[in-house]
Amino acid sequence: MQALPRVEPVSIAIAGSPQRFAVHRVYCVGRNYADHAKEMGASGREPPFFFFKPSDTLFSVADGATAEWPYPSLTQDLHHEVELVVAIGRGGRDIPVERAHEHIWGYAVGLDMTRRDLQSAMKKESKPWCIGKGFDFGAPIGPLVPIETSGELTSGAITLKVNDVVRQQGDLSDLIWSINEVIAHVSKAWELKPGDLIFTGTPAGVGAVGRGDVLVAEAAKLGGFSLKVV
Ligand code: MN
């Protein structure tokens with residue numbers, strides 16, 4: 001009997017290293033900065049909510065490269081959401097907030113790209129948003145920086161520029177739920193495993209991009225990466 005062809009495991013680039021980080025799941029947090037929650041119609045410190053992107057939708061960009069990134073199908077309103085991504089090195093369940101940092105392998109800057117028109121249409125009908133969030137190449141991510149290099153991140157700027165104009169600018173200290181609180185929350189609902197990534201939410205200023213635009217995503221202590229939409 002013919003076995004199915006082997007699927008390559010998903011991995012992402014590590015800053016300054018030829019090694020790669022093998023990815024398990026990709027969790028994402030919705031509305032985790034007050035100003036973005038407001039622009040999406042929420043208020044205050046509602047409990048965090050989560051969705052997934054398939055891990056093979058990651059689009060890993062190595063140090064210093066400007067990668068060509070394909071504009072996705074079906075959308076007329078493709079939005080950028082720049083986010084701090086935390087990578088889990090040690091798994092666990094019911095992780096207390098005070099110990100969450102012990103489970104962190106490192107951090108990266110990522111883009112939770114969103115087919116906003118499709119997401120909005122699904123929301124209106126109370127249907128799942130997968131088509132708006134979980135599309136091919138929908139999770140660009142810069143090189144992963146080990147926590148030994150960056151230190152624990154609780155503050156610092158996170159920025160997205162489009163064609164050299166700042167579109168999104170936030171600070172990690174403005175997260176409604178901190179990175180460690182997010183880890184604690186996720187680990188109550190799912191058992192975290194080594195290789196899990198969590199996109200921790202985007203600050204205000206989400207907006208549309210089109211073919212030919214150049215996106216530069218950066219965060220303090222992590223550097224960043226750039227994409228050209230083609
Ligand atoms: Mn997001």
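What follows is calculated from the coordinates using simple rules that are stated; it is not laboratory data. Nothing here was measured: the structure is a model prediction, and the numbers come from that model. Note that each Cβ is placed from the backbone with ideal geometry, even for glycine, and that neighbours are counted across all protein chains shown.
Using a Cα-Cα cut-off of under 26 Å, which lysines could be cross-linked to residue 38, ignoring same-chain neighbours fewer than 8 residues away? The reachable lysines, counting only those whose Cα sits under 26 Å from residue 38, are 53, 123, 124, 127, 133, 161. From its DSSP helices (H runs of at least four residues, each -39,500 (n - 2.57)), the chain gives a residue-normalised ellipticity at 222 nm of -3500 deg cm²/dmol. Scaling against 2.2 N^0.38 Å puts the C-alpha radius of gyration of the range 1-117 at 1.27. Descending by average beta-carbon neighbour count within 10 Å, the peptides 122-134, 101-113 line up as 101-113, 122-134, the highest first.
Only Cα pairs under 8 Å and 6+ residues apart enter the sum, and on that basis the relative contact order of the range 11-229 stands at 33 percent.
Building the convex hull from the alpha-carbon atoms of the chain and averaging its projection over directions returns 13.7 nm². Taking the Cα centroid of the range 45-93 and of the range 157-215, what is the distance between the two, rounded to the nearest whole Å? For the range 45-93 versus the range 157-215, the Cα centre distance is 8 Å.
Extension gain for residue 74 to residue 154 (0.36 nm times residue separation, less C-alpha to C-alpha distance): 25.1 nm.
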